[in-house]
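J.: My structure is below; once you've seen it, I'll send some questions.
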Amino acid sequence: MRRLLLTLVLAVVATSLTGCGYNKLQNQDEAVKAAWSEVVNQYQRRADLVPNLVNTVKGYASHEERVLTEVTEARAKVGSIQLTPELINDPAAFAKFQAAQGELTSALKSLLAVTENYPNLKADGLFRDLMVQIEGTENRIAIGRKRYIEAVQEYNVTVRQFPTNLTAKWFDFTVKPNFTVQNEAQISTAPSVNFDQPKPPGEAAPAQPPPANPAPN
């Protein structure tokens, strides 16, 4: 008899939690955590590629000190942020993380622009491999950010909606910070990799059409 009563109580509790949105909040919270983990993994992968990229560029363009320093410092700033699970619940810490990653994105784009002036560097096999890896990582970052934004948006709506907002308040589910959207289009554009080689010296330029005859006076 006691076992039957316990089963009935558990069934009532489970039904109540489902009806009040508790299970939905739990599922969406886990989806946000999973999406965040993917974003962090891809950002970490990019950070791990930066030292080799800087060293490779330095071998051909050591005097580009400003750009190389910017990338190195931006990478160090990213590494100084503690990626604890609580970060996605702390708007200030999340904004700091986003700003640091944005600085590294900008620094990498500046570095890539500089490399256009060094054809020997662009022909280096290690550099080419690194740039392909970085481009792929940037694409995965963009996809990961998009999924995270969508997961957080869905979760935040549930937290704010009635009656699940009462459940959220009771169980301490709070609105999570999200990536700002004003620069999302720029951030989601991966650096373009162009390995076109310059024309060798002495190669004939394409023929130009003859000038038009001047109009008679």
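Every residue, every condition in (1) part of a helix (DSSP H, G or I); (2) under 19 Å from Asn89 (Cβ atoms), yes or no:
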residue	(1), (2)
Leu121	yes, no
Leu130	yes, no
Gly136	yes, no
Lys146	yes, no
Glu150	yes, yes
Val159	yes, yes
Phe162	no, no
Lys169	yes, yes
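J.: Looking at this structure, is Glu73 more than 14 Å from the chain's Cα centre (by Cα) and more than 19 Å from Tyr43 (Cα to Cα)? Lay out the reasoning, then the answer.
T.: On the way: more than 14 Å from the chain's Cα centre (by Cα): yes; more than 19 Å from Tyr43 (Cα to Cα): no.
No: the conditions fail for Glu73.
J.: Can you tell me which of Leu108, Leu83 is of a type outside the set (Phe, Trp, Tyr), assigned to a loop (DSSP other than H, G, I, E, B) and touching a residue at least 40 places away in the same chain (Cβ under 8 Å)?
T.: Leu83 is the lone residue from the list that is of a type outside the set (Phe, Trp, Tyr), assigned to a loop (DSSP other than H, G, I, E, B) and touching a residue at least 40 places away in the same chain (Cβ under 8 Å).
J.: Please find, within the stretch 105-162, the residue that is surrounded by the fewest Cβ atoms within 10 Å (Cβ to Cβ) out of those that are aromatic (Phe, Trp, Tyr) and in contact with a helix residue (DSSP H, G or I) (Cβ under 6 Å, 6 or more places away or on another chain).
T.: The qualifying residue surrounded by the fewest Cβ atoms within 10 Å (Cβ to Cβ) is Tyr118.
J.: Looking at Gln98, Gln44, which is the one that is among the polar types (S, T, N, Q) and in contact (Cβ under 8 Å) with a residue 60 or more places away in the chain? Before the answer, list the steps.
T.: Values: Gln44 fails: in contact (Cβ under 8 Å) with a residue 60 or more places away in the chain.
Checking each option against the conditions leaves just Gln98.
J.: Only one of Thr115, Thr84, Thr105 is closer than 30 Å to Phe173 by Cβ and of a type in the set (Ser, Thr, Tyr); which?
T.: Thr84
Each row is one residue, and each column tells you yes or no for (1) aromatic (Phe, Trp, Tyr); (2) closer than 30 Å to Glu116 by Cα; (3) within 25 Å of the chain's Cα centre (by Cα); (4) at pLDDT 75 or above.
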site	(1), (2), (3), (4)
Tyr148	yes, no, yes, yes
Asn178	no, no, yes, yes
Ser188	no, yes, yes, no
Pro214	no, no, no, no
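The values are calculated or read from the model by the stated rules, or taken from the named source; none is laboratory data. All of these numbers come straight from a predicted model, not from anything done at the bench. Glycine gets a Cβ as well: all are built from the backbone with ideal geometry, and neighbour counts include every protein chain shown.
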